[in-house]
Amino acid sequence: MKNHSRIFFLLMSSFILLTISCTNTNQVDSPKPKGYYRIELPPHAYQQLDTVFPFRFPYSKYATYQFKQRPNGDYWIYINYTQFNADINITYAALNKDLRERIIEEDKIVSFHYKVADDVEFSIISDAASNIFGQIYDIKGMKVATPISFWLTDSSNHYLRGALYFNNPPNNDSLQPVIEYIREDILEMINGFEWK
């Protein structure tokens, strides 16, 4: 009987010590916040896109491009950022006295985002020396499919529009560093843009 008491005492002591050591009254358990993978952004570097198009501009050395020419002479250009699963989709068309209609159409396209956008900011582009005019739209919001779009024209012969798309469901909180990175590339593209 004495042996049983001793074993019981040892078991109870071990259980009590284990319980005390596992309990920390100073720490409160709480769930960890949701995190995102760190996105490595390379330094900005550019190359010239100067082919059959009636314009030229710099684009990122980390991007590739493809284009299609439509039977009516319009161009569709895709600047692909494989690393970020993103594209800048560009369309070009010669103007046929329809600049006003194209600007109205662009405003309609941007207005589709108003339902999910937190804010839409726009900047006017006006470079009379280079004959380049247009607007850049920064469309803010977590579920916005096109966080940046823009259009350029010489107001008489050329019209070009572009938009940034990600090839995955939008989650612009986690993509914000990439959006800002590509926005800088778009600004470089616009600043170095030339009509031929």
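The values are calculated or read from the model by the stated rules, or taken from the named source; none is laboratory data. Not measured: the values here are computed from a predicted model. Cβ atoms come from the backbone with ideal geometry, glycine included; neighbour counts cover every protein chain shown.
Brief remarks follow.
- The residue that is nearest to residue 84 (Cα to Cα), counting only those in the range 146-173 that are surrounded by 14 or more Cβ atoms within 10 Å (Cβ to Cβ) and of a type in the set (S, T, N, Q), is 172.
- Identity of the residue in the range 71-105, within 30 Å of residue 172 (Cα to Cα) and exposed (fewer than 12 other Cβ atoms within 10 Å of the Cβ), that ends up nearest to the chain's Cα centre (by Cα): 82
- The residues on offer are 108, 115, 140, 68, and the sole one that is among the basic types (Lys, Arg), surrounded by 13 or more Cβ atoms within 10 Å (Cβ to Cβ) and under 26 Å from residue 168 (Cα atoms) is 140.
- Residue 62 fulfils the conditions (1) under 30 Å from residue 174 (Cα atoms); (2) surrounded by fewer than 18 Cβ atoms within 10 Å (Cβ to Cβ); (3) without any contact (Cβ under 8 Å) to a residue 40 or more places away in the chain except for a single criterion, (2).
- Pair list, Cβ under 7 Å, 6 or more apart: the range 185-196 residue more than 15 Å from residue 150 (Cα to Cα) and surrounded by fewer than 19 Cβ atoms within 10 Å (Cβ to Cβ), other residue at pLDDT 95 or above and of a type in the set (Lys, Arg): 194/56; 196/56
- Identity of the residue in the range 118-134, surrounded by fewer than 18 Cβ atoms within 10 Å (Cβ to Cβ) and not hydrophobic (A, V, I, L, M, F, W, C), that ends up farthest from residue 57 (Cα to Cα): 118
- Residue in the range 92-111 that is closer than 15 Å to residue 186 by Cβ and among the hydrophobic types (A, V, I, L, M, F, W, C) present: no
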